[in-house]
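Here is the structure we will look at, set down as structure tokens.
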Amino acid sequence: MEISVIIPAYNREATICRAIRSVFQQTFQDFELIIVDDYSQDGTIEAINTCSDPRIKIIRHHQNLGASAARNTAIKSSSGRYLAFLDSDDEWLPEKLSRQMGSIRSGQEGIIANVTGFYLFDEYNIKRKEMLSQPASWYKYLLMGLGVNPSNWVVSRKAFEHIGYFDPSLARYEDWDWLLRFTKRYPLTITQEALTVVYRGPQPRAVVAETATKRFLDKHFQEFRQFGSYGKRALGKRYFEVAIYYYLEGNRIAGWNWFRKAISQSLFLRPGMYLRMLDALMGTSIVPALIRSRALVQNR
């Protein structure tokens, strides 16, 4: 078996069939599909069962353990030389696996992770194309949290044998955490095409974002600091995002506390972050208007 495709699912009855269809529409067909239902409470399992195919393997958790644990369960049950991940609310374009395997086979054998560009439907339901460029340092680039969606990956099995699995203690950022660990030791390769459609979900609850941010930064704080002002901006961005989530929920005290932490690291964040803050505080829609204008220009 060349590829094990892994889909973790939790309460995704509305989108899981779209994801599954996009897998079986691939021009590359040497794969198995492992779906881990993470104790869904809706009709996810019933939806999966309507997609009959002998290549589907369904595993059910008997309690909700999170996306990391679901992916780890699938990895341990898989048999492919390579692993491809697809979130249960995303979808692939038909050439996705074929193009990535072509990129992988044209390079050197070994421990490898390949990522693609993607089309993003963001939280404002605006579609835009996101392409990756080869940075001088993937590790430094990833500190800003860019380009880490696992629906864009194909990874050799050996990578997980060397790096370890996803961290189940992270309710968010588990994919980011894994790629940071990977790029400390190995190169990340790019297939320069947009081959995935990523649907960004609703904003997380502020307390969930806060807990995950604290855990993530506990793991990587010293690594952020070693990059000086760049690392401080990356830290500031993480704190800033938590502040925005609290402001969106109307908790201005917690929002202010996280905002102070953010600017204590760096004032020089992207203007878009400050505009997001203004939208959260004032109930305006400046950021979606700007994104919509950019998307219109891009799609002409």
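Some observations on this one:
- Residue selected from segment 75-85 under the condition under 20 Å from the mean Cα position of the chain (by Cα) and under 22 Å from C17 (Cα atoms), by the criterion surrounded by the fewest Cβ atoms within 10 Å (Cβ to Cβ): I75
- Residues that are under 17 Å from the mean Cα position of the chain (by Cα) and assigned to a helix (DSSP H, G or I), drawn from segment 204-214: V208, A209, A212, T213
- Whichever residue in segment 217-233 is touching a helix residue (DSSP H, G or I) at 6+ places or on another chain (Cβ under 6 Å) and either free of Cβ contacts under 8 Å to residues at least 60 places away in the same chain or surrounded by 22 or more Cβ atoms within 10 Å (Cβ to Cβ) (or both) and, among such residues, is farthest from T183 (Cα to Cα): K232
- All positions within segment 270-287 that are in a helix (DSSP H, G or I), small (G, A, S) and more than 25 Å from Y230 (Cβ to Cβ): A280
- Here S133 qualifies as farther than 16 Å from F216 by Cβ and modelled with pLDDT under 90.
- When E109, E123 are checked against the criterion of being assigned by TED's automatic domain parsing to the domain that holds R185, modelled with pLDDT under 85 and touching a Gly at 6+ places or on another chain (Cβ under 9 Å), a single residue qualifies: E123.
Here is a yes/no grid of residues against (1) surrounded by fewer than 16 Cβ atoms within 10 Å (Cβ to Cβ); (2) among the β-branched types (V, I, T); (3) in the same structural domain as S169 (by TED's automatic domain parsing):
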| position | (1), (2), (3) |
| --- | --- |
| Y10 | no, no, yes |
| F31 | no, no, yes |
| S40 | no, no, yes |
| E46 | yes, no, yes |
| L65 | no, no, yes |
| T73 | no, yes, yes |
| D87 | no, no, yes |
| W92 | no, no, yes |
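- Summed over segment 102-136, residues that are of a type in the set (S, T, Y) and surrounded by 13 or more Cβ atoms within 10 Å (Cβ to Cβ) total 4.
The values are calculated or read from the model by the stated rules, or taken from the named source; none is laboratory data. In this text the structure is predicted, and so the values were computed from the model without any measurement. Methodologically, a virtual Cβ is constructed for each residue, glycine included, from the backbone with ideal geometry; neighbour enumeration extends over all protein chains shown.
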